[in-house]
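The values are calculated or read from the model by the stated rules, or taken from the named source; none is laboratory data. None of these values were measured; they are calculated from a predicted model. Ideal geometry is used to build each Cβ from the backbone, glycine not excepted, and the neighbour counts take in all protein chains shown. Accessible surface is based on the protein model in full, side chains and every heavy atom, while ligands, DNA and RNA are left aside. Shrake-Rupley method; radii C 1.70, N 1.55, O 1.52, S 1.80 Å.
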Amino acid sequence: MHYSKWNNVTEHVFENIKTRLMEGEFPLNSKLPSEKMLCEAYNVGRSSVREALSMLEALGMIRIERGRGSFVESIQENTTKAKTWYQSKTDSLAELIDTRCCLECLAAEKAAVIITDDQIATMENLNARFLESAKPTDVAHLLHYDTQFHRLIFQVCNIGLLAQLNEVVESAYAEYRANAYILTQHIDIAAQGHSQIIAAMRAHNQQLAKAVVEIHIRQSLEHITKILETGK
C-alpha cells in the first residue's frame with residue numbers, strides 16, 4: 001500500500017479515499033464501504049476511519065448519514081447547504097459548546113501547570129500548519145490541525161476520564177466544525193486564539209489558559225451566528 005507524505009494513520013486513510021473518489025471509483029450518490037470494512041481494508045482503528053470521513057465530509061466529497069453510512073457527493077464546497085444545516089442546529093450547537101467549554105477549560109487549567117517545552121513546540125507547529133491551510137482554504141486540513149491542536153490539550157492534561165469525555169464531545173462536534181470552515185472567513189482569528197492559548201501555556205498561567213480557551217471556543221458560535229444573521 002502506498003503511503004503519502006502525511007505522517008499519521010488518519011491522514012493516510014483520508015488521502016487514499018480522497019484519491020479513490022477523485023478517480024471515480026465510487027459513483028455520485030453511491031454508498032462507501034462501511035466503517036468496519038474500511039477499518040479492515042486499511043488495517044486501522046475505527047476512530048481513524050471516522051476522522052478521515054469527517055475530513056472528507058468537510059470537503060463536500062461525501063455526506064454522512066447517521067445510521068445509514070457515507071455517500072458520495074459532488075466535489076465542491078456548498079455554502080448554501082452548510083448555512084441551512086447550521087440554521088437547524090444552532091440551539092444544539094450552543095449546548096455542545098457549553099459542554100466543550102467545561103471540559104477543555106478544566107483540561108487547559110491542569111495542562112498549564114505541567115506542559116513541557118516540547119509540547120508547546122508541537123502546539124506551535126500545529127497552529128502554523130493550521131494557518132498554512134488557510135491560504136488557499138483547505139477545509140480538510142483546517143479541520144485536522146484544529147482538532148489535533150485541541151486534542152493535545154487533553155493529552156497534556158493527562159486525566160484519562162477528561163480525555164474520554166472529550167472524545168465523545170469531539171465526535172459530536174466534528175460535523176459543526178466541518179461546516180464552520182465552509183462558512184466562516186475568520187480563520188485568522190481562530191489562529192490568534194491558538195496563539196493566545198500557547199502564550200498562556202508557556203507562562204504556566206492556569207487562570208489565563210482557562211480564560212483564553214473559553215473565549216476561543218465561544219467565538220466560533222459568535223461567528224456562525226453573525227453569518228446566519230448578516231450573511232457576512
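Annotations
- Between GLN192 and PHE71, the modelled label-to-label distance comes to 4.1 nm, taking each label 7 Å out from Cα in the direction of the beta carbon.
- Counting only heavy atoms of the protein chains and using a 1.4 Å probe, THR122 has close to 60 Å² of accessible surface.
- Converting the Cα gyration tensor eigenvalues of the range 14-71 into ellipsoid dimensions via √(5λ) gives semi-axes, longest first, of 16, 13, 11 Å.
- Between the range 187-229 and the range 36-67, the alpha-carbon center distance in angstrom: 28 Å
- With the simple spin-label model, which puts each label point 7 Å out from Cα in the Cβ direction, the ALA199 to ASP117 separation comes to 2.1 nm.
- Candidate cross-link partners of LYS210 among the aspartates and glutamates, defined by an alpha-carbon separation under 15 Å and a same-chain spacing of 8 or more, comprise ASP98, GLU104, GLU109.
- Overall form of the range 129-178 per C-alpha gyration tensor (a/c, 1.5; a/b vs b/c): oblate
- Using the Cβ-Cβ distance between SER34 and ASP138 with R0 set to 22 Å, the FRET efficiency from 1/(1 + (r/R0)^6) comes to roughly 0.20.
- Full extension of the chain segment joining ALA128 with GLN206 gains 25.7 nm, where the gain is 0.36 nm per residue of separation less the Cα-Cα distance.
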